[in-house]
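> My questions will all concern the structure given below.
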Amino acid sequence: MKTALISIVILFFYALPSKAWLLAKDEAHQQWLKQRFSVQHQQLIPVVAVADIFFSCNQVRQTDKTNYPLSFLIQQMDKNTLAEKLNRCLGEDTMQSDVAINFGLVACFQQQLSHLPNIEQQQKMKLVRQAVSSLSYDERKKSFTQCVTEQSIHYLQ
């Protein structure tokens, strides 16, 4: 009984406060990261969005002879060149069109699932395509924005 009481006292006076300190420290670190990389993150988001749309558009429409890796499009290709390639690929469609948003969503999720084995990735991409087709335009646009925001964070690390 005495040992149990001592354990509880140790837990409350030593372990829990240190956990709280670690959580506060982690929150402070997260806040620092957001402040430190906020400008870079905001600048990267449109590049990632354009790259996603072009990547998927080019896979379907094959307007460019080269199938660039998505990471190359985001990290190495000149922004103006990427924008020109996207315009050529989209043709009559605009960046805000249903077609472009769908292309972007597919590419964004494709990258998020790229760590999975091929069969599992294909199964999940089938579900993504089904989900995308059932969402309204506004829901798809919101999903694409969220996906690109998360994807951009990946490229900052």
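The values are calculated or read from the model by the stated rules, or taken from the named source; none is laboratory data. Note that the coordinates shown come from a computational prediction; the quantities given were computed from them, not determined experimentally. Cβ coordinates were reconstructed from backbone atoms using ideal geometry, including for glycine residues, and neighbour counts include every protein chain displayed.
> May I ask you to verify whether Phe12 is out of contact with any strand residue (DSSP E or B) (no Cβ under 9 Å at 6 or more places or on another chain), modelled with pLDDT of 75 or more, more than 15 Å from Leu156 (Cβ to Cβ) and not in a loop (DSSP other than H, G, I, E, B)?
Considered against the rule, which asks whether it is out of contact with any strand residue (DSSP E or B) (no Cβ under 9 Å at 6 or more places or on another chain), modelled with pLDDT of 75 or more, more than 15 Å from Leu156 (Cβ to Cβ) and not in a loop (DSSP other than H, G, I, E, B), Phe12 comes out as no.
> Can you name the residue in the stretch 19-74 that is in a helix (DSSP H, G or I), farther than 13 Å from Phe103 by Cβ and among the aromatic types (Phe, Trp, Tyr) and, of all such residues, is modelled with the lowest pLDDT?
Trp21
> Which condition number in (1) within 19 Å of the chain's Cα centre (by Cα); (2) at pLDDT 95 or above; (3) surrounded by 15 or more Cβ atoms within 10 Å (Cβ to Cβ) is the one that Phe109 fails?
Phe109 satisfies every listed condition except (2).
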